[in-house]
Amino acid sequence: MQDKNTGVLAQHQAALAEGKFLIQQCNDCGQHIYFPREVCPHCGSDAVQFASPSGQGTVYAVTTVRRKPADGGDYNVSLVDLDEGPRLMSRVDNLKPDAVKIGQRVSARVVVADGKGVVVFDAVGGAA
Amino acid sequence: MSDGLKALRGSAAIAGVATFGCGEAHGFSEMELLARSAHAAVADAGLKMSDIDGLCTASVGSTMWPMPVIEYLGIRPSFIDGTMVGGSSFIAHLLPAMHALQSGQCNAVLVCYGSTQRTAAFGRREIAQARRWMDPQPYENPYEPFNPPSAYALAASRHMHLYGTTRRDLAEVAVAARQWAQRNPEAFMRDPLSIDDVLNARMVSDPLSVRDCCLVTDGGGAYVLVRADRAKHLAKKPVYVLGNGTACWNRQISSMPDITVTAATESGRQAYAMAGMSAKDMDVVELYDAFTINTLLFLEDLGFCAKGEAGAFVQNGGIAPGGHLPVNTNGGGLSCVHPGMYGIFTLIEAVRQLRGEGGERQVSGAQVALAHGNGGTLSSQSTAIFGTADTL
């Protein structure tokens, strides 16, 4: 599952560039890990491997970054708690920035552009 | 808390403090602001630069900063601490310096800082770009948080969601800081500021407006730490270090276990244990207010009120002049000075208050003061407790 001949950052970014969102799980303590690391931050084990998350999560915190319309206008930055446990920074793409609320259920999607993949989220179900 | 740390309580004292170039310092370099501050702090202690044999310093831009500082000042320190944990560094420098003084490794430690963040030709935009390479955060950078404000805005959003804290509560913090600043001739912004002014100010990263954000100024600050027995015979009334603790749990806001609970809970616990004191013993409190939410989080995490109750604590001028707790009596990073890293200025104001040098903003009868530094994006926390001779 995990190639020990390169670092996990490069492996993770390569998967993202192919449109695949991976997190990690520790074989020793069982906890999920994000961002990817060589060593489990929960128990110190190096028996970490990549795992495919469900992609489902909940908005934990939210901000609207104000930007001039000429520069692209306001945009959302959120912290999202994955159902597996880890939290990550991302954005919710299918709502207006001021409509993204804490508690909103979201689903992950990888946007690939210029050979790089970025994990974003779409709101699912009703409003939070 | 080890007996060894408790034995360090009161073992060292701040003998000299100084600031220079706070606000706008056109035509000065960072090193020049640092050097003027350092020279003035050493003179304030009644010492000469040749007496300095310990150095602590940190810089946002230079990764090897102690070396050019040593070269510039012409000192030969036997103790060097270049620990850089962001704006809390200059509070975190205290305890290692106390160890070094107590062991005899050195006899007089200079802690110093200078920044031309406001007027420098090489601007904030260029530094922010450079930091993407020097301090990579590949799992936050793609989302373009406008940091540091966005990280603190995220924390504020969560605090508001969980505890019903409002933008008006945040505005109370900014208004209180401004009212203190109006009593401090050194403060950069002293115009009247109302709650509505804060609420109606330009939004930066919701729920924070520009008036929820600290200033961007120039400024230098320095202090001199010596063993307590020596401090008694120097120029100024000694201000003793009763406790210090530092804690860091994460770098990125996305890696913080709970963004409404900072590592100040731990740095504060350590500092209080060393001092044998608690929040109720503090006469004056200086908290690193990079953003208005900081003050709320630190009031809670340092035990001045329960988690979630800081909004109520600051309402109706609770921390303003005449309120129930004097907080950020110099005007803080919000209204006094914030040159990149503000931490050293919390300590300098605490010392000035305990010396009775606060002028119009002096807290009457202040014997014990708390200074708290924050670094990164709610990442590192360092808490110090200071007292007059009566508290030993």
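The values are calculated or read from the model by the stated rules, or taken from the named source; none is laboratory data. Predicted model, so just to flag it, every value in this text is computed and none were measured. Don't worry about glycine lacking a Cβ; one is built from the backbone with ideal geometry, like all the others, and counts go over all protein chains shown.
Among the conditions (1) surrounded by fewer than 20 Cβ atoms within 10 Å (Cβ to Cβ); (2) within 12 Å of the chain's Cα centre (by Cα), A:P36 misses just one, which is (1).
Taking each residue of segment B:198-212 that is within 8 Å of another protein chain (Cβ to nearest Cβ) and looking for partners that are surrounded by fewer than 17 Cβ atoms within 10 Å (Cβ to Cβ) and among the β-branched types (V, I, T) with beta-carbon atoms closer than 9 Å, six or more apart or interchain, yields B:R202/B:V210; B:M203/B:V210; B:V204/B:V210; B:P207/B:T166. Inspect all residues belonging to segment A:34-44 and state whether any of them is touching a residue at least 24 places away in the same chain (Cβ under 8 Å), out of contact with any Gly (no Cβ under 7 Å at 6 or more places or on another chain), closer than 17 Å to A:V111 by Cα and not assigned by TED's automatic domain parsing to the domain that holds A:K96. No, that holds for no residue. Residue pairs whose Cβ atoms lie under 8 Å apart, sitting 6 or more positions apart in sequence or on different chains, and linking a residue in segment B:149-178 that is in contact (Cβ under 8 Å) with a residue 24 or more places away in the chain and within 17 Å of B:I319 (Cβ to Cβ) to a partner that is of a type in the set (D, E) and outside any helix (DSSP H, G or I), are B:V173/B:D289; B:A177/B:D289; B:R178/B:D191.
If you filter segment B:159-176 down to residues that are buried (at least 21 other Cβ atoms within 10 Å of the Cβ) and charged (D, E, K, R), you find that the one that is nearest to the other protein chains (Cβ to nearest Cβ) is B:D169. Per the listing B:A290, B:A320, the residue uniquely more than 14 Å from every other protein chain (Cβ to nearest Cβ), touching a residue at least 40 places away in the same chain (Cβ under 8 Å), under 22 Å from B:S379 (Cβ atoms) and not β-branched (V, I, T) is B:A290. Please indicate, with yes or no, whether at least one residue in segment A:106-128 is within 14 Å of another protein chain (Cβ to nearest Cβ) and among the hydroxyl-bearing types (S, T, Y). Checked segment A:106-128: no residue is within 14 Å of another protein chain (Cβ to nearest Cβ) and among the hydroxyl-bearing types (S, T, Y). On inspection, B:V261 fails the criterion of being surrounded by fewer than 24 Cβ atoms within 10 Å (Cβ to Cβ) and within 15 Å of the chain's Cα centre (by Cα). Of all residues in segment B:235-258, those satisfying the criterion of being farther than 26 Å from B:E300 by Cβ and either modelled with pLDDT under 95 or surrounded by fewer than 19 Cβ atoms within 10 Å (Cβ to Cβ) (or both) are B:A235, B:K236, B:K237.
Restricting the search to helices (runs of 4 or more DSSP H) fully inside segment B:49-118 and requiring at least 1 residues that are within 22 Å of B:N244 (Cα to Cα) and touching a residue at least 40 places away in the same chain (Cβ under 8 Å) gives B:89-92, B:94-103.
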